[in-house]
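So the structure is just underneath, and the comments pick up after that.
Values quoted throughout were computed directly from the atomic coordinates according to the rules given, and no laboratory measurement underlies them. Here the structure is a predicted model, which means the values were calculated and not measured. Cβ coordinates were reconstructed from backbone atoms using ideal geometry, including for glycine residues, and neighbour counts include every protein chain displayed.
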Amino acid sequence: MKKRIIVIGGGVAGMQTALRLAEQGVEPVIVEKEPELGGKLRGWHVLFPSFTPAEEVLTALRRRVNESGIEVLTSAEVTGVEPRSVQLADGRVLTCDSVVVSTGFTLFDASIKEEYGYGIYDNVITSADLERMFNEGRVTKADGTAPRRIAFLHCVGSRDEKVCQQHCSKVCCVTGVKQAMEMKRLFPEADVFNFYMDIRMFGPGYEEMYREAQQKYNIHFVRGRISEASPTIEGRVQIKAEDTLTGRPLRMSVDMLVLLVGMRANDDNAALAAGAGLNRAPSGFMAPRDLFLENVCSNVDGIFYAGAVTAPKNIGETLNEGIAAADAAARYVGA
Ligand SMILES: Cc1cc2nc3c(=O)[nH]c(=O)nc-3n(C[C@H](O)[C@H](O)[C@H](O)COP(=O)(O)OP(=O)(O)OC[C@H]3O[C@@H](n4cnc5c(N)ncnc54)[C@H](O)[C@@H]3O)c2cc1C
Ligand code: SF4
């Protein structure tokens, strides 16, 4: 009898974990709450740092899952977890020999930062909205015209005690640089400004992108946080900020304000953790047993983690964790 491991969440992490488990001779089952596999990757356009179409990566992972004959349950939300079973929202209980939790993250809701007017003013959008607009091939102002001046605001819902999100979301600086470059490709005449607290370009090729954005694309980087945004009668967005390098206050009207929203912990981490006795970090993300030697293990034997469920991560890191988590879970069940 093959050992059966349930993988909760069918994003990048869950698909990669299941593929590796299948290679190890284990029977993986992916349980995904949405009707389709893919997680957040389904909403992205091209991926930093290589500008690879997200669709290419998504299609390849889904095809591999399909070809491996991995059992997939979609539209099935997990509400409780134990080392040898998971509980679904419809009341079903699925039994297994071990569980990998790969339920990812939640995008910060930008409307909580009322001072930026998201959901109230036209032409204030989030980075996730902009990805969707790129995918739809329709990047315009609300009135259908082309933007001539665009501002990106970093750290929206990250590094912000007021909204209880003290952590850095890690991928939004590079997303802001990537999206600014895409906007310049679409609108070469537009002025593009990125307002940042610090620029965190931690990955391979990221710093090079940042340089290219400045030198080749002439994107302006302003160190300072926008304090508020308000609409003008011409349908533009007026922003107030302080340039913290020169110490001068700054006021500017833009056609589009893009809020680079952070990655926060899922709300249901609390219930999953409470039910199984799992530890969470102060940020609300799940806490691995040990950050160095057992970073894909939970504190409960038989429950493992892969991907952004434990912290913000990029896709490369997430894919690698899928392999590590599968290997640890396979070892645990003796496969
Ligand atoms: C705006 C933005 C742009 C990005 N662009 C890039 C990029 O260009 N390149 C890059 O490397 N990274 C990028 N990232 C990071 C990338 O999105 C993550 O690395 C990746 O999504 C993490 O995958 P995951 O599978 O861990 O989580 P997710 O993508 O969040 O997937 C989790 C899955 O679990 C499911 N799930 C959740 N709860 C349950 C439950 N209770 N029961 C069943 N299923 C559940 C969800 O429906 C989802 O399918 C970007 C992030 C953001 C915010
Ligand atoms: S990656 Fe950049 S934008 Fe995102 S939270 Fe960290 S510093 Fe802010």
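Which value results when the Cα radius of gyration for the stretch 235-318 is divided by 2.2 N^0.38 Å?
So the Cα radius of gyration is 1.67 times the expected 2.2 N^0.38 Å.
Report, in deg cm²/dmol and to the nearest 500, the calculated mean residue ellipticity at 222 nm for the chain, where each DSSP H run with n ≥ 4 adds -39500 (n - 2.57) and the sum is divided by the residue count.
-8500 deg cm²/dmol
Check which residues have an amide H placed less than 5 Å from GLU242's amide H, if you skip close sequence neighbours.
Excluding prolines and chain starts, which carry no amide H, the hits are ARG225, SER227, LEU250.
Provide the packing ranking of 156-162, 322-328, 144-150, i.e. peptides ordered by the mean count of other C-beta atoms within 10 Å per residue, highest first.
322-328, 156-162, 144-150
Report, to two decimal places, the Cα Rg of the stretch 137-194 normalised by 2.2 N^0.38 Å (N = number of residues).
Scaled against compact globular proteins, the figure is 1.34.
For the pair THR52 and ARG185, how long in nm is the line joining their label points, each one 7 Å along Cα→Cβ?
1.5 nm
Quick check: the angle from helix 127-136's long axis to the longest principal axis of the chain, C-alpha only, nearest 10 degrees?
Between helix and principal axis, roughly 90 degrees.
ALA270 to GLU34: extension gain in nm, 0.36 nm per residue of separation minus the Cα-Cα distance?
83.0 nm
Output wanted: per-residue J couplings in Hz (rounded whole) for the stretch 233-246, from phi through Karplus 6.51 cos²θ - 1.76 cosθ + 1.60, θ = phi - 60°, x for Gly and Pro.
5, 7, x, 9, 10, 8, 10, 10, 8, 10, 7, 7, 7, 9
Could you go through the stretch 61-66 in sequence order and give the Karplus-derived ³J(HN,Hα) for each residue, using 6.51 cos²θ - 1.76 cosθ + 1.60 with θ = phi - 60°, rounded to whole Hz, and x for Gly and Pro?
5, 4, 5, 4, 4, 4
How much length, in nm to one decimal, is gained on full extension between ARG211 and GLU23, taken as 0.36 nm per residue of separation minus their Cα-Cα distance?
63.6 nm
Compute for the stretch 78-175: radius of gyration divided by Kirkwood radius, i.e. Rg/Rh, restricted to C-alpha atoms, rounded to two decimals.
Radius of gyration over Kirkwood radius for the stretch 78-175 works out to 1.13.
How large is ³J(HN,Hα), in whole Hz, for each residue of the stretch 256-263 in order, when computed from phi with the Karplus curve 6.51 cos²θ - 1.76 cosθ + 1.60 and θ = phi - 60°, using x for Gly and Pro?
Result, ordered by residue: 8, 10, 9, 8, 7, 6, x, 9 Hz.
Only loop residues by DSSP count here, and only those with at most 12 other Cβ atoms within 10 Å; note down the trypsin sites (Lys or Arg not before Pro) in the stretch 70-125 that meet that.
Sparse-neighbourhood loop trypsin sites (Lys or Arg not before Pro): ARG92.
Given points 7 Å out from each Cα along the Cα-Cβ axis, report the THR95 to ALA142 separation in nanometres with one decimal.
In this crude spin-label approximation the distance works out to 5.7 nm.
Looking at PRO231, LEU250, TYR217, which one has the Cα that reaches farthest to the positive end of the dipole of the stretch 110-262 (charges on Cβ: Lys, Arg +1; Asp, Glu -1)?
TYR217
LYS162 to ALA281: FRET efficiency via 1/(1 + (r/R0)^6), r the Cβ-Cβ distance, R0 22 Å, to the nearest 0.05?
With R0 = 22 Å, the Cβ-Cβ based efficiency is 0.65.
Would you work out the Kirkwood radius for the chain? I mean one over the mean of 1/r across all pairs of different Cα atoms, in Å.
It works out to 21.0 Å.
Taking every pair of distinct Cα atoms and averaging 1/r, then inverting, what Kirkwood hydrodynamic radius in Å comes out for the stretch 45-117?
About 16.0 Å, per the Kirkwood formula over Cα pairs.
Applying a 10 Å radius around every beta-carbon, put 306-313, 45-52 in order of their mean neighbour count, most first.
306-313, 45-52
Over 31 Å between Cα atoms: which of LYS40/LYS184; LYS33/LYS141; LYS162/LYS216 fall into that group?
Distance filter (> 31 Å) returns LYS33/LYS141; LYS162/LYS216.
Would you mind checking the tilt of helix 12-23 against the longest principal axis of the Cα atoms of the chain, expressed as 0 to 90 degrees and rounded to 10?
Taking the Cα atoms of the chain, the angle to 12-23 is about 30 degrees.
Need one number: the % of Cα-Cα pairs in the stretch 110-262 sitting beyond the 23 Å mark.
Distances greater than 23 Å cover 31 percent of the Cα pairs.
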